[in-house]
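Peer 1: Before we start, here is the structure in question, set down as structure tokens.
Just so you know, all these numbers are worked out from the coordinates, no wet-lab data involved. Since we're looking at a predicted model, the values are computed, not measured. All Cβ positions, even for glycine, are placed from backbone atoms using ideal geometry, and neighbour counts span all protein chains on display.
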Amino acid sequence: MFLANIQGKMKKDIKDLLIYSVDDDKDERFFIKEAFTDFVDAGQLRFFTNGVELIESLSEHTGPLPDFIIMDLNMPLMNGREALDIIKNNPVWKEIPVVIFSTSNYEKDIANCLSSGAMKYICKPASMMEYPKIFESLIKEITSEQ
């Protein structure tokens, strides 16, 4: 499979996707890393512990933008909803697909994130064994939309 990068200048192999993950929970970051490395090289994953770190990195970064961002909703300093709003209101970043990956299954949270521009809202599963299947499906969805 191939993915046209956000800038539209070249196609990328799945193994070359640049994925940003934002989650304050150390265990969740580990589960996400383990699940994604079944599909992409570990060097293509960047981890942040809150929205402030993510926005600072996007602001300071001069290289390619991430192919997508997977972000927790409930985090300290800047939560996922606040970071999503900043991303979607920035003309340079607004086309980056953002997936909210949260324990919250409140309909209001889901509706608010989707109406704010999240590509998808995924409730975290009870078992880490489900992560690879979720992320494989997500990667297929992301690459088929590009």
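Peer 1: How would you rank 75, 129, 119, going from fewest to most other Cβ atoms within 10 Å of each one's own Cβ?
Peer 2: So the residues, fewest neighbours to most, are 129, 119, 75.
Peer 1: Can you put 40, 22, 92, 98 in order of Cβ neighbours within 10 angstrom, beginning with the fewest?
Peer 2: Ranked by crowding around the Cβ, least crowded first: 92, 40, 98, 22.
Peer 1: Just check region 20-78 against the gyration tensor rule for me: Cα atoms, a ≥ b ≥ c as the square roots of the eigenvalues, rounded for a/c under 1.5, and otherwise prolate or oblate depending on whether a/b exceeds b/c.
Peer 2: It is oblate, given that a/c is not under 1.5 and a/b is not larger than b/c.
Peer 1: Which percentage, to the nearest 5, of the DSSP beta bridges contained in the chain is antiparallel?
Peer 2: Among the beta bridges of the chain, antiparallel pairing accounts for roughly 15 percent.
Peer 1: For region 78-143, rounded, prolate or oblate, judged on the Cα gyration tensor with a ≥ b ≥ c (square roots of eigenvalues), a/c < 1.5 rounded, else prolate if a/b > b/c?
Peer 2: oblate
Peer 1: Relative to 2.2 N^0.38 Å, what does the C-alpha radius of gyration of region 10-146 come to as a ratio? Two decimals please.
Peer 2: 0.96
Peer 1: Right, another one. Going by Cα centres, region 40-63 and region 90-146 are how many Å apart?
Peer 2: Between the Cα centres of region 40-63 and region 90-146 lies a distance of 17 Å.
Peer 1: Provide 70, 122, 19 in ascending order of the number of other Cβ atoms located within 10 Å of each residue's Cβ, fewest first.
Peer 2: Neighbour counts put them in this order, fewest first: 122, 19, 70.
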